[in-house]
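Working notes, beginning with the structure itself.
The values are calculated or read from the model by the stated rules, or taken from the named source; none is laboratory data. Here the structure is a predicted model, which is why all the values come from computation and not from measurement. Every residue, glycine among them, receives a Cβ derived from its backbone with ideal geometry; neighbour counts consider all protein chains shown. In case anyone asks, the SASA skips ligands and DNA or RNA and just uses the protein heavy atoms, side chains included. Shrake-Rupley method; radii C 1.70, N 1.55, O 1.52, S 1.80 Å.
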Amino acid sequence: MPHEPSSTRPHAAAGTALPRIAVCGIHIESSTFTPYVSTAVDFDVRRGDAVLERHPFLAAGSPLREAAAWHGVLHAGALPGGPLDRADFEAWCAEILEGLAALVAGSDGVPLDALWFDIHGAMSVRGMDDAEGALITAIREVIGEDVLVGTSMDLHGNVSPALFAGCDQLTCYRTAPHVDVAETRERAVRSLLDALAAAPVDLPAPKPHRALVHVPILLPGEMTSTRVEPAASLYARIPELAAREGVTDVSYWIGFAWADEPRCQAAVVAFGADGEAVDAAALELATAIWEARHDFVFVAPTGTLEECLDTAVASPARPFWISDSGDNPGAGGADDTTGCLAALAARPEIRAGEVTALLVSIVDPETAGRAAELGVGRRGDVVVGGRIDARDPGPVPLHIEVEALDHSPATGVAAVLRVLAPAGGESPLEPQPTGKRPTGLRLVVTSRRAQFSTGAMFARLGLTMTGADVVVVKMGYLEPDQHAAAADWMMALTPGGVDQDLVRLGHRRITRPMLPFDAEIPAPSAADVLR
């Protein structure tokens with residue numbers, strides 16, 4: 001239902017009833033275990049009205065756009081990666097603070113009413129433990145305490161005490177895979193507008209009661225998907241909790257498993273008008289999570305890479321999908337480990353062409369550029385992968401034919417390579433003799449880290465999600481289009497910067513005790529509620 005702005009507004013300038021709302025944020029999920037360093041070139045950076053144009057519900061002329069005077073400051077968003085370069089982070093922070101200061105100072109006596117802090121919640125910055133907390137703390141110093149701050153986040157983010165202290169309204173996604181991203185952001189915006197509409201004329205919006213309960217559980221998203229239990233039932237409880245008298249919203253953050261920082265753990269936040277109701281809702285959900293603490297399981301059958309390949313080759317299900325979960329760029333993996341590529345190229349059924357396989361995708365700007373130079377239909381020698389994360393087996397030499405080329409902002413240069421000779425040797429392989437059948441392996445390489453999560457991305461390269469017997473993707477859980485295309489699916493527990501085996505990764509700085517690193521954790525109590 002369209003939001004109806006109030007007929008009177010707090011802090012309204014003469015002749016207008018519109019509240020003034022600023023929008024800013026930096027949105028990235030960062031693994032501290034990957035060697036990749038995220039920099040400004042990885043980000044889509046927007047300023048001014050372009051910040052608002054990210055969101056269809058804030059399109060020009062839409063009810064929500066017309067309900068406030070919106071001021072886009074800066075938003076930077078990127079595919080998950082490694083820790084963000086400190087200099088780039090500080091440059092964006094300075095720009096955000098300067099932009100907000102200008103809004104506060106140049107408002108002709110009309111204060112800023114609210115700020116929408118549009119972030120992920122799992123951004124790591126080199127040399128920092130809590131980048132989002134530091135940013136919102138600095139923002140508060142500029143805008144003051146009266147401005148109402150709402151934030152929308154990924155459920156794989158973290159809620160640190162500093163972030164909680166700086167935000168009045170906090171909400172996050174309720175689905176994984178995330179099919180409610182736009183819905184969550186719109187919910188955050190509507191909550192801000194509703195609070196402003198309820199404020200007395202010429203007074204700041206009253207701050208809601210808030211409650212934060214940390215639950216010391218740190219699990220990968222692939223064990224907490226809302227497709228399966230217990231996450232499905234835990235998230236299903238949220239609408240009822242949020243509908244209670246005196247409660248506005250309740251959210252459950254899984255936390256981010258692939259960063260070694262003290263803030264990384266599960267969290268529940270509730271806010272609303274009634275402090276007792278808010279506290280009770282937060283503690284009730286936190287207790288339910290604790291009661292289910294030993295019930296979380298992987299969203300799909302798992303195994304080693306070789307076990308997954310054995311099953312896929314023998315299975316009658318086609319296509320059979322395999323997730324290379326340890327190098328998932330959607331969680332911050334480097335996107336160029338080569339264990340899967342080498343194993344596919346060495347597989348006798350694939351080498352003989354009896355089984356067709358597609359690996360999508362490996363980031364390799366050099367090889368993507370080489371493919372573009374060769375052109376479609378041309379053959380050549382390349383060395384693929386292992387340039388960022390060089391763990392064994394490292395770069396793989398191949399003799400290939402370029403089958404398709406594309407260029408897009410998401411992938412940069414993308415190329416489909418048909419493998420004509422298997423991997424092996426210390427130098428590029430020689431072409432196969434004329435007439436010898438090529439292997440059944442195709443590979444997509446890109447010049448930018450990317451995830452081919454939709455059928456449309458496959459189609460740009462003339463591929464389909466169902467065209468090969470075995471499809472290997474650098475993913476954790478499958479996204480909706482992928483899940484629909486897979487006749488069967490396994491998740492390979494591969495090494496990498498987002499290894500599903502958290503104990504194997506070697507966290508050292510997280511809060512303890514913490515599941516799964518310790519056998520047990522204490523039950524949450526009223527003493528654990530932070531307000």
Rounded tilt (10° steps) of 131-143 against the dominant C-alpha axis of the chain: 30
Could you calculate the FRET efficiency of ALA165 with ARG391 from 1/(1 + (r/R0)^6), where r is the beta carbon distance between them and R0 is 51 Å, rounded to 0.05? 0.80
Computed over all unlike Cα pairs, the Kirkwood hydrodynamic radius of segment 159-293 in Å stands at 15.4
Along the charge dipole of segment 22-167, pointing to its positive end and built from +1/-1 on Cβ of Lys, Arg, Asp and Glu, which listed residue (GLY157, ALA105, TRP116) has its Cα farthest out? GLY157
Binned at 5 Å starting from 0, the alpha-carbon pair-distance distribution of segment 101-201 in whole percents comes out as 2, 12, 21, 21, 20, 14, 6, 3, 1
Would you list ASP180, ASP274 from the most to the least accessible area, probe 1.4 Å? ASP274, ASP180
Need one number: convex hull volume per residue for segment 490-531, Cα atoms only, in Å³. 146
Determine the calculated [θ] at 222 nm for the chain from helices alone, applying -39500 (n - 2.57) to every DSSP H run no shorter than 4 residues and normalising by the residue count; nearest 500 deg cm²/dmol. -7500 deg cm²/dmol
Nearest 10 degrees is fine. How inclined is helix 365-374 to the longest principal axis of the chain, computing both from alpha carbons? 50
In Å³ and rounded to a whole number, note down the convex hull volume per residue for the Cα atoms of the chain. 145
Backbone N under 20 Å from the VAL45 label point (7 Å along Cα→Cβ), restricted to segment 86-116: 86-103
Average projected area [Cα convex hull, segment 20-79], square nanometres: 4.5
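If segment 230-292 were replaced by its equivalent ellipsoid, with semi-axes equal to the square roots of 5 times the Cα gyration tensor eigenvalues, what would those be, largest first, whole Å?
22, 14, 9
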What FRET efficiency comes out for the pair ARG508/ALA198, r = Cβ-Cβ distance, R0 = 45 Å, nearest 0.05? 0.45
Segment 328-403: Cα Rg divided by the 2.2 N^0.38 Å rule of thumb: 1.13
Could you list the residues of segment 439-453 with an amide nitrogen less than 12 Å from a label point located 7 Å from the Cα of GLU354 in the Cα-to-C-beta direction? none
Suppose every K and R has +1 on its Cβ and every D and E has -1 on its Cβ; what is the size of the dipole of the chain about the Cα centre, in Debye to the nearest 20? 860
Under a plain spin-label model, where a point goes 7 Å from the Cα along Cα-to-Cβ, how far apart in nm are ALA232 and ALA527? 3.8
Degrees, to the nearest 10: 86-105 long Cα axis against longest axis of the chain: 30
For segment 155-226, the dipole about the Cα centre with charges only on Cβ (Lys and Arg +1, Asp and Glu -1), to the nearest 20 debye, works out at 120
Can you list, largest first and rounded to whole Å, the semi-axes you get for segment 224-355 by taking the square root of 5 times each eigenvalue of its Cα gyration tensor? 43, 16, 11
